[in-house]
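Heads up: the structure comes next, in structure tokens.
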Amino acid sequence: MERLYDIDSYIKEFSAKVISCDETENGFKCVLDRTAFFPEQGGQKGDTGKIGDVGVFDTQIESGVVYHYTKEFIEPWKEYFCTLNWEERFLKMQIHTAEHIFSGVAHRLFGCENTGFHLDNTVTVDFDILLSEEQLMVLEYETNKAIWANKAIKTYFPEESELSKIPYRSKKEVYDGKVRIVEIEDVDFCACCAPHLKSTGEAGLFKILWWMKHKGGIRIFVAAGEMAYSDYRNKWENVRMVSNLLSVPPENVAEGVKKLNNAYSEIKRELAEKNNILAEQFVNSLPYKDGNHCVLFEELNSNALINLVNMGMEKCSGMFVLCFQTENALRYIIGSNSLDMGEKAKEINAALNGKGGGRGAMIQGSFSASFEDVKKYFERNDI
Ligand SMILES: [Zn+2]
């Protein structure tokens, strides 16, 4: 079987004869006499496209044989016009080649070894060394400089004697006993069997998105080529929306959000203060009662409500029952200086179709009952 992607990674359509087409659990798997479909390997998904009119949804390699997966049977021993899903394939070439440049620069500048690569909807590169943010930014810039320098990329199978003189990074990609070298002029030598770009400039742009510690080293989420452009566009649209909402220039949105956040914190602080004053005024207006006090008040922030109940507990000898209506339920906070409310909770919830509990002097929860019924219950059970 002739591997056209080895000869020219830019072949997007070709004619080939179907050698076999066998049914499997997952559709049909077809073997061609020649193929430009690159199979899933080294963390990169297999190519998709068409054989004649039939869609190829995956390409895999087993024992050196490339299998094209289709949903329909294709009659063998006929010649078909085959097409790759070129947009998808070119994007993979952009990202894959950018990863070579990135790993080559990381190796040269910081002695990193690439320990993993994954190319799907997200793209990750793993290194054995945990790099700092500053190092990553240097690395990102140097990778882009190598892309903009538009260096030539060559692939070849050197003889044993020549190979020993090449200082290549290895992905241990060996083909029929031969090592395939991918040389990026002045940047990197690496053994790899995947399709690459002809020159670094076609990778367009490289961007680190975020990173995390990984197995003693680092996992870096990256984007390149059209993927980096889409990511930029999506983020630009978000920044533009934030910029419009805050009425600040796009380059100052972080400062704008910081100011908004400070203003919000100040409003929250003022509101909490006013909530406490309201709660205090309300409790002060209540008379002392022997037995239970049951009151309905508006919903305040939770600190103010707890303070209200703490103060209310001093206004009665039994339970101070505070109810407030939220959107979904009649909520309660009940406190007592004389009773263990944790123990009382079950009895109260059972009587008023309630949920919730707590420990010691205070319990919280909600009732599926009207405030009038709640009030009647606690007045009936005065102690
Ligand atoms: Zn490669």
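Contact map, segment 109-122: residues that are in the same structural domain as I95 (by TED's automatic domain parsing) paired with residues that are of a type outside the set (G, A, S) and surrounded by fewer than 15 Cβ atoms within 10 Å (Cβ to Cβ), Cβ distance under 6 Å, separation 6+ or inter-chain. Pairs shown: C112/I129. Among residues of segment 156-172 that are under 11 Å from C193 (Cα atoms) and outside the structural domain of E99 (by TED's automatic domain parsing), none has a beta-carbon under 8 Å from a residue that is modelled with pLDDT of 85 or more and hydroxyl-bearing (S, T, Y) at least six positions away or on a different chain. Residues of segment 16-45 that are out of contact with any Lys or Arg (no Cβ under 6 Å at 6 or more places or on another chain), loosely packed, with under 15 Cβ neighbours inside 10 Å and either more than 16 Å from D6 (Cα to Cα) or hydrophobic (A, V, I, L, M, F, W, C) (or both): K17, I19, S20, E23, T24, E25, N26.
Within segment 244-290, track down each residue that is outside the structural domain of N310 (by TED's automatic domain parsing) and aromatic (F, W, Y). Scanning segment 244-290 gives a single hit, Y264.
Could we say that V248 is at pLDDT 95 or above, surrounded by 14 or more Cβ atoms within 10 Å (Cβ to Cβ) and within 44 Å of the chain's Cα centre (by Cα) here? Spelling it out, V248 is indeed at pLDDT 95 or above, surrounded by 14 or more Cβ atoms within 10 Å (Cβ to Cβ) and within 44 Å of the chain's Cα centre (by Cα). Within segment 350-369, being outside any strand (DSSP E or B) and over 16 Å from L322 (Cβ atoms) holds for A350, A351, N353, G360, S368. Against the numbered list (1) crowded, with 16+ Cβ neighbours inside 10 Å; (2) within 16 Å of the ligand (Cβ to nearest atom); (3) part of a strand (DSSP E or B), I218 comes up short only at (2).
Of the strands (runs of 3 or more DSSP E) lying entirely inside segment 6-93, those containing at least 1 residues that are charged (D, E, K, R) span 13-24, 27-32, 49-51, 54-62, 79-84. Taking the condition assigned by TED's automatic domain parsing to the domain that holds S368, of a type in the set (S, T, N, Q) and either part of a helix (DSSP H, G or I) or at pLDDT below 95 (or both), does N238 pass? Considered against the rule, which asks whether it is assigned by TED's automatic domain parsing to the domain that holds S368, of a type in the set (S, T, N, Q) and either part of a helix (DSSP H, G or I) or at pLDDT below 95 (or both), N238 comes out as no.
The values are calculated or read from the model by the stated rules, or taken from the named source; none is laboratory data. These numbers were taken from a predicted model, which means no experiment stands behind them. Backbone-built Cβ (ideal geometry, glycine too); neighbour counts: all protein chains shown.
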